[in-house]
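Asker: This is the structure, below, for whatever I ask next.
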């Protein structure tokens, strides 16, 4: 029996022809299992493919696509042995689990893409897509009473070791009340039964069990429950620090963050290592992600702001220099933030009209600009310092490929919220120095970033002040409004 015997079944609401087009080609599998080479030996068309596997694993792999109701059952099999023999134990279990988790993350990303915009309730009894072709609705049933359409957006995620207010990955929150309702959840302690299951999986393949030493809730953040977990293992009971993030039910961000964290390891600065993913919510009843804890803490340096923002800028420039040679996971190619923001969500008025004009022009400009790896939620609450030096960047749930100026503007808007435009300008000067080049169309990006940031001001005190900031909602709103007005003036002068 092969050492790696993987079988996975997933359901995708799209026809076999559509799914086959994505899964029979080498690109998907190269991004999913970059260390494995697949050589086709039986092409079954829309029913799938069989391959010989070489590289890190030697054996066979199979894709079988089965029409089912309004979509396709995707069956994947991998039966192979490591090219270099690994004895049973922790190292082998991590090796085997890596292939299983990479596959599940890639298939979830494919589901998100192919099912994008599908309303809840479609496909119940009547296919929402033609099972044969995967195109167009066959007959859309009347929606059930009180069934709301699913928002076309990635759910928000939380900050990590010292967390912070984090916007949604692809869209602003639909209503403040919906986010306020999460307060009790993000303050809740993880259930003991769930922690036991998590520790059991952490110790999978080892003779020595993991022991829970401490659980501590982390301040900041408005979308997930985040805790620092201390465990002990091994004969000497070595302690290990981990970060546990629990997402609300039906939030797929855990899977997205898992894959983005794996790619962020390419950065020239420390990033958390993904350790365990529970996308199905087996531990706590909702998705959860475990990652390594980085040293340091969030810093809001009011005494030496110039040195502080210089550290922020230097770290961001390092992120933007990340190697983008293949493979680059498809999760980094999701809808850019500049495409997903809708200014019409703001209250009507002259400022909203101006923002709408500027964002419309920005969408034309951004499409022509080169892209880099962007954190896409870069601000002080996601940067850790130790002994005055950046010790890591956390919370990669929104990362994607965008123009570098997008990240710069986002951080400028957050800094303006904290202390005004002068601090934002200090950061800009430090970034230009660290990156070695000017930034095109910055006022347009500042308008977008300021407008997006304004949606989170109600949570500024709760998320930032426990971490060292000194803000009030009233003061933050005044500073962000001034930041947006200055950017609007500069952008409209260029229109």
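Asker: Test of understanding: among 490, 463, which residue is touching a helix residue (DSSP H, G or I) at 6+ places or on another chain (Cβ under 6 Å), more than 23 Å from residue 372 (Cα to Cα) and in the same structural domain as residue 353 (by TED's automatic domain parsing)?
Answerer: Step by step, each of 490, 463 is checked, and only 490 is touching a helix residue (DSSP H, G or I) at 6+ places or on another chain (Cβ under 6 Å), more than 23 Å from residue 372 (Cα to Cα) and in the same structural domain as residue 353 (by TED's automatic domain parsing).
Asker: For the stretch 66-82, give me each residue that is assigned to a strand (DSSP E or B) and more than 21 Å from residue 97 (Cβ to Cβ).
Answerer: First, pick out the residues of the stretch 66-82 that are assigned to a strand (DSSP E or B): 66-68, 71-82.
66, 67, 68, 71, 72, 73 - these are the residues of the stretch 66-82 that are assigned to a strand (DSSP E or B) and more than 21 Å from residue 97 (Cβ to Cβ).
Residues checked against (1) assigned to a helix (DSSP H, G or I); (2) crowded, with 16+ Cβ neighbours inside 10 Å:
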| site | (1), (2) |
| --- | --- |
| 401 | no, yes |
| 405 | yes, yes |
| 409 | yes, yes |
| 422 | yes, no |
| 431 | yes, yes |
| 437 | no, no |
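Asker: In the stretch 20-51, how many residues are part of a strand (DSSP E or B) and loosely packed, with under 15 Cβ neighbours inside 10 Å?
Answerer: 5
Asker: Taking only the stretch 365-391 into account, find how many residues are touching a strand residue (DSSP E or B) at 6+ places or on another chain (Cβ under 7 Å), part of a strand (DSSP E or B) and more than 17 Å from residue 431 (Cα to Cα).
Answerer: Here the count works out to 3.
Asker: Might you let me know whether the stretch 304-316 holds any residue that is out of contact with any helix residue (DSSP H, G or I) (no Cβ under 6 Å at 6 or more places or on another chain), closer than 30 Å to residue 198 by Cβ and either modelled with pLDDT of 95 or more or assigned by TED's automatic domain parsing to the domain that holds residue 403 (or both)?
Answerer: Checking the stretch 304-316: not a single residue is out of contact with any helix residue (DSSP H, G or I) (no Cβ under 6 Å at 6 or more places or on another chain), closer than 30 Å to residue 198 by Cβ and either modelled with pLDDT of 95 or more or assigned by TED's automatic domain parsing to the domain that holds residue 403 (or both).
Asker: Could you give every pair whose Cβ atoms fall below 7 Å, whose first residue belongs to the stretch 242-266 and is in the same structural domain as residue 376 (by TED's automatic domain parsing), and whose second residue is surrounded by fewer than 20 Cβ atoms within 10 Å (Cβ to Cβ), counting only separations of at least 6 or pairs across chains?
Answerer: none
Quick grid of which residues meet (1) touching a residue at least 40 places away in the same chain (Cβ under 8 Å); (2) in a strand (DSSP E or B); (3) within 30 Å of the chain's Cα centre (by Cα); (4) outside the structural domain of residue 274 (by TED's automatic domain parsing):
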{"site": "54", "(1), (2), (3), (4)": "no, yes, no, yes"}
{"site": "64", "(1), (2), (3), (4)": "no, yes, yes, yes"}
{"site": "85", "(1), (2), (3), (4)": "no, no, no, yes"}
{"site": "99", "(1), (2), (3), (4)": "yes, no, yes, yes"}
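Asker: Then there's this: Run down 418, 484 and say which single residue is in the same structural domain as residue 361 (by TED's automatic domain parsing), farther than 21 Å from residue 346 by Cβ and within 27 Å of the chain's Cα centre (by Cα).
Answerer: Just one listed residue meets the conditions, 418.
Asker: Only one residue in 294, 289, 312 is within 17 Å of the chain's Cα centre (by Cα), closer than 30 Å to residue 246 by Cβ and crowded, with 21+ Cβ neighbours inside 10 Å. Which one?
Answerer: Matching residue, one of 294, 289, 312: 289.
Asker: Now for a different question. Considering (1) more than 26 Å from residue 29 (Cβ to Cβ); (2) in contact with a helix residue (DSSP H, G or I) (Cβ under 8 Å, 6 or more places away or on another chain), say which one residue 287 fails and leave the rest.
Answerer: (1)
Asker: Take residue 17 and tell me if it is out of contact with any helix residue (DSSP H, G or I) (no Cβ under 7 Å at 6 or more places or on another chain) and not in a strand (DSSP E or B).
Answerer: Working: out of contact with any helix residue (DSSP H, G or I) (no Cβ under 7 Å at 6 or more places or on another chain): no; not in a strand (DSSP E or B): yes.
Criteria not met by residue 17.
The values are calculated or read from the model by the stated rules, or taken from the named source; none is laboratory data. It should be emphasised that the depicted structure is a prediction, and the values quoted were computed from it without experimental measurement. Cβ: placed from backbone, ideal geometry, glycine included. Neighbour counts: every protein chain shown.
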